[in-house]
Amino acid sequence: MSGVGGAVQGDAFARSVARWLRAYPRWWRAQRADEVTGVLAEIAGPDATRVGLRDGLGLVRGGIAARWRAWPGVAVWLRMQADRPVPPRHWLWADDVISRPWVRVPPVYLFLLFLYGLSGEWDLLWLMVVVSVLVATMFDLSHHRASARRTAFATGSVAHQSCLVVRSEPRHRVRASSFAGQASIVTGVVGLVGVVDLVRSGGSLAPVVVGASVAVGVGVYCAWGSQRLRPVPQPNRDVVATRRPWWVNVVVWGSVAVVFAQPFGTDTSWLLGIVGLAAPTFAAIWLTTRRRPEVALVDARRAILLDPPRVDAPELVPRPDPAASGVLAHGVVPTGDPWSPAT
Amino acid sequence: MGLKMTEQTYLVLLSLADRPRHGYGVVQAVRELSDDRVRLGAGTLYGVLDRLVGAGYAEVSGEEVVDGRLRRYYRLTPEGTSAVTQETARLRALAARAQRVLGARPALGGA
């Protein structure tokens with residue numbers, strides 16, 4: 001086999017390992033992925049291009065066990081949800097949770113789901129589930145994440161005791177053109193599904209025309225607002241594109257809208273139509289920022305709301321202390337519990 | 001810190017008793033020690049290593065890159081050496097008692 005072929009084969013195997021290793025927490029993967037890939041490659045032999053099912057399932061089981069061992073208990077989880085500092089020995093767990101796209105969705109939406117469950121309005125319950133997923137996958141929750149980081153990792157003075165340090169890293173902000181472009185297509189598709197469903201079920205189109213006119217008016221205002229945007233230097237920021245390609249969101253949310261529109265009649269069609277009203281606003285933001293890759297979504301939002309631009313503070317991120325040697329077990333180098341009752 | 005001493009945990013401890021080993025080295029040593037009966041997968045191996053490191057029985061002793069692959073070596077701590085010694089003594093005592101029980105058993109076919 002040629003060297004290039006071997007490299008390609010090695011890459012394929014590493015990708016296969018990486019897929020299975022997603023069962024493990026992020027901090028565990030950051031620390032062990034290279035090592036485990038080497039062990040799996042030696043177990044599988046030189047010709048293997050993917051992890052076998054038995055080894056893969058073993059990794060899934062190990063990943064779930066690692067997450068279970070790192071779980072700090074309900075008390076710490078509640079502390080984090082209540083914006084309280086997290087004990088340093090659980091920082092990596094907290095960082096993993098805060099980095100998830102659906103951070104802050106559970107408490108709010110579980111409460112709303114509970115209310116709707118009590119009210120017995122099952123179509124609204126279903127809507128809440130869909131909106132929860134929509135919020136988790138599409139909308140920019142980075143401000144929630146930054147806020148959670150500031151409070152969770154505020155106890156930096158005892159960081160060295162747990163062999164973790166809190167570092168200041170550039171804050172990731174979603175690029176305005178990237179997000180608004182996707183959002184305009186997705187909300188447009190969802191709104192279109194609603195309107196088509198409304199027409200099929202014989203509903204009146206007059207409110208649709210009125211709503212669309214208002215939405216276009218709002219869009220024009222947003223175009224004016226984001227046009228007058230004057231970004232300020234942002235030394236602590238990385239502007240990044242959305243994670244998924246636009247067509248994935250269109251397929252996923254278009255399908256959800258079609259499935260969602262079927263069983264619940266015109267009420268649901270109206271709700272889908274209302275989602276579509278956001279399309280002109282997102283389209284306006286995309287039009288005015290598509291040649292300005294340095295503009296983040298938050299800048300456009302602040303400009304539209306006539307708020308002055310704000311310089312981002314750096315992001316607080318716990319990382320293993322380079323001065324400490326060894327492997328973090330359960331997220332902490334075993335040098336004793338720094339969060340003992342005495343501290 | 002307490003640690004549940006399963007057969008796999010004991011074999012991994014035993015494999016690290018004579019010298020530091022990397023992950024695949026542990027897999028091979030366990031296979032030899034168990035007479036080819038225990039074949040550790042990567043998921044099981046790193047679950048055991050996580051628990052041993054967490055309990056303070058093992059620690060990282062070094063790293064090297066071989067053929068582009070990272071090898072991280074683990075070694076026993078004094079606590080780990082003590083634990084594997086105690087477990088071996090317990091198993092030896094158990095085997096001795098088992099031998100006595102089996103020796104006291106009437107021979108098959110005997111009158």
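The values are calculated or read from the model by the stated rules, or taken from the named source; none is laboratory data. It should be emphasised that the depicted structure is a prediction, and the values quoted were computed from it without experimental measurement. Reconstructed Cβ throughout: ideal geometry from the backbone, glycine too, with neighbour counts over all protein chains shown. For the accessible areas, the whole protein counts, side chains as well, though only heavy atoms, and no ligand, DNA or RNA atoms are used. Shrake-Rupley method; radii C 1.70, N 1.55, O 1.52, S 1.80 Å.
Given the condition in a helix (DSSP H, G or I), in contact (Cβ under 8 Å) with a residue 40 or more places away in the chain and within 11 Å of chain A (Cβ to nearest Cβ), answer yes or no: does some residue in region B:54-73 qualify?
yes
Does region A:68-87 contain at least one residue that is of a type in the set (Phe, Trp, Tyr) and closer than 19 Å to B:Gly47 by Cβ?
Yes, region A:68-87 has at least one match.
Within region A:53-75, can one find any residue that is at pLDDT below 90 and in contact with a strand residue (DSSP E or B) (Cβ under 7 Å, 6 or more places away or on another chain)?
So far as region A:53-75 goes, no, none of its residues is at pLDDT below 90 and in contact with a strand residue (DSSP E or B) (Cβ under 7 Å, 6 or more places away or on another chain).
Quick check on my filter: what residues within region A:279-299 are touching a Phe, Trp or Tyr at 6+ places or on another chain (Cβ under 9 Å) and not hydrophobic (A, V, I, L, M, F, W, C)?
Result: A:Thr281, A:Thr288.
Name the residues in region A:214-264 that are among the hydroxyl-bearing types (Ser, Thr, Tyr) and over 19 Å from A:Val196 (Cβ atoms), would you?
Within region A:214-264, A:Tyr221, A:Ser226, A:Thr242 meet the criteria.
Which residue pairs have Cβ atoms closer than 7 Å, lie 6 or more positions apart in sequence or on different chains, and pair a first residue in region A:229-240 that is in the same structural domain as A:Leu305 (by TED's automatic domain parsing) with a second residue that is of a type in the set (Val, Ile, Thr) and open to solvent by less than 40 Å² (accessible area, probe 1.4 Å)?
Between residues of region A:229-240 that are in the same structural domain as A:Leu305 (by TED's automatic domain parsing) and residues that are of a type in the set (Val, Ile, Thr) and open to solvent by less than 40 Å² (accessible area, probe 1.4 Å), the close pairs are A:Leu229/A:Val295; A:Pro231/A:Val295; A:Val240/A:Val174.
Among the residues of region B:8-19, are any away from chain A (no Cβ under 14 Å), surrounded by 16 or more Cβ atoms within 10 Å (Cβ to Cβ) and either free of Cβ contacts under 8 Å to residues at least 60 places away in the same chain or over 14 Å from the mean Cα position of the chain (by Cα) (or both)?
Yes; the residues of region B:8-19 include at least one that is away from chain A (no Cβ under 14 Å), surrounded by 16 or more Cβ atoms within 10 Å (Cβ to Cβ) and either free of Cβ contacts under 8 Å to residues at least 60 places away in the same chain or over 14 Å from the mean Cα position of the chain (by Cα) (or both).
I need the full set of residues from region A:47-96 which are within 14 Å of chain B (Cβ to nearest Cβ), open to solvent by 70 Å² or more (accessible area, probe 1.4 Å) and touching a residue at least 40 places away in the same chain (Cβ under 8 Å), in order please.
The answer is A:Ile64, A:Arg67, A:Arg89.
Is it true that A:Val36 is assigned to a helix (DSSP H, G or I), at the interface with chain B (Cβ under 7 Å from one of its Cβ atoms), of a type outside the set (Ser, Thr, Tyr) and touching a Leu at 6+ places or on another chain (Cβ under 8 Å)?
yes
Determine which member of the set B:Val30, B:Val48, B:Val38 is aliphatic (A, V, I, L, M), in contact with an Asp or Glu (Cβ under 8 Å, 6 or more places away or on another chain) and either under 18 Å from A:Tyr24 (Cα atoms) or more than 10 Å from chain A (Cβ to nearest Cβ) (or both).
Answer to the selection: B:Val38.
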